[in-house]
Amino acid sequence: MKLIKWIDKHSYFYIVIIIVFVIEPLLIQFGPAIHLHQKVHGDWLSFWGSYLGIIPSGLIAYVIAKIQIQNDNQKNKLNEVRQKKINFYWK
């Protein structure tokens with residue numbers, strides 16, 4: 001739920017990032033054809049596959065790392081509380 005609330009709060013950030021990641025390569029690809037009226041040559045399919053494959057991979061890695069950090073923090077807090085209880089009973 002926290003992740004959904006955070007995404008809702010920062011939705012403009014994601015929209016801007018997606019636009020930048022899609023528009024910038026398009027300008028690089030078609031910019032010379034528009035301004036110089038030249039035919040664009042090159043292996044853009046390989047570029048787009050690599051470029052767009054990085055985005056979901058990075059997002060997945062980020063989400064997994066974030067979830068693991070949150071789980072570790074919860075476990076550390078629980079262990080801290082247990083340790084305080086043990087120390088309290090032994091005093």
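The values are calculated or read from the model by the stated rules, or taken from the named source; none is laboratory data. Source: prediction; values computed, not measured. Virtual Cβ from ideal backbone geometry, glycine too; neighbours counted across all protein chains shown. Quick note on the areas: whole protein, heavy atoms, side chains included, nothing else; ligands and nucleic acids left out. Shrake-Rupley method; radii C 1.70, N 1.55, O 1.52, S 1.80 Å.
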Notebook entry, point to check: Looking at (1) modelled with pLDDT of 75 or more; (2) surrounded by 10 or more Cβ atoms within 10 Å (Cβ to Cβ), which is the only condition residue 29 fails?
Noted result: (1)
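Given the structure, is residue 67 modelled with pLDDT of 80 or more, among the β-branched types (Val, Ile, Thr) and open to solvent by 100 Å² or more (accessible area, probe 1.4 Å)? Give the steps one after another, and end with the answer.
On the way: modelled with pLDDT of 80 or more: yes; among the β-branched types (Val, Ile, Thr): yes; open to solvent by 100 Å² or more (accessible area, probe 1.4 Å): no.
Spelling it out, it is not the case that residue 67 is modelled with pLDDT of 80 or more, among the β-branched types (Val, Ile, Thr) and open to solvent by 100 Å² or more (accessible area, probe 1.4 Å).
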Next item on the list: Name every residue in the stretch 73-91 that is open to solvent by 90 Å² or more (accessible area, probe 1.4 Å) and either among the acidic types (Asp, Glu) or over 29 Å from the mean Cα position of the chain (by Cα) (or both), in order of residue number.
Entry: 80, 82, 83, 84, 85, 88, 89, 90, 91
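Any idea which of 89, 51, 62 is modelled with pLDDT under 85, in a helix (DSSP H, G or I) and under 30 Å from residue 24 (Cβ atoms)? Working first, answer last.
Values: 89 fails: under 30 Å from residue 24 (Cβ atoms); 62 fails: modelled with pLDDT under 85.
Criteria check complete, one pass: 51.
When you scan the stretch 1-10, do you find a residue that is part of a loop (DSSP other than H, G, I, E, B), modelled with pLDDT under 75 and over 15 Å from the mean Cα position of the chain (by Cα), even just one?
Initial filter on the stretch 1-10 (part of a loop (DSSP other than H, G, I, E, B)): 1, 10.
Narrowing further to those that are modelled with pLDDT under 75: 1, 10.
Imposing the further condition that a residue be over 15 Å from the mean Cα position of the chain (by Cα) reduces the set to 1.
Yes, because at least one residue in the stretch 1-10 is part of a loop (DSSP other than H, G, I, E, B), modelled with pLDDT under 75 and over 15 Å from the mean Cα position of the chain (by Cα).
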Note to self: Take the conditions touching a helix residue (DSSP H, G or I) at 6+ places or on another chain (Cβ under 7 Å) and at pLDDT 75 or above and apply them to residue 21. Does it pass?
What the structure shows: yes
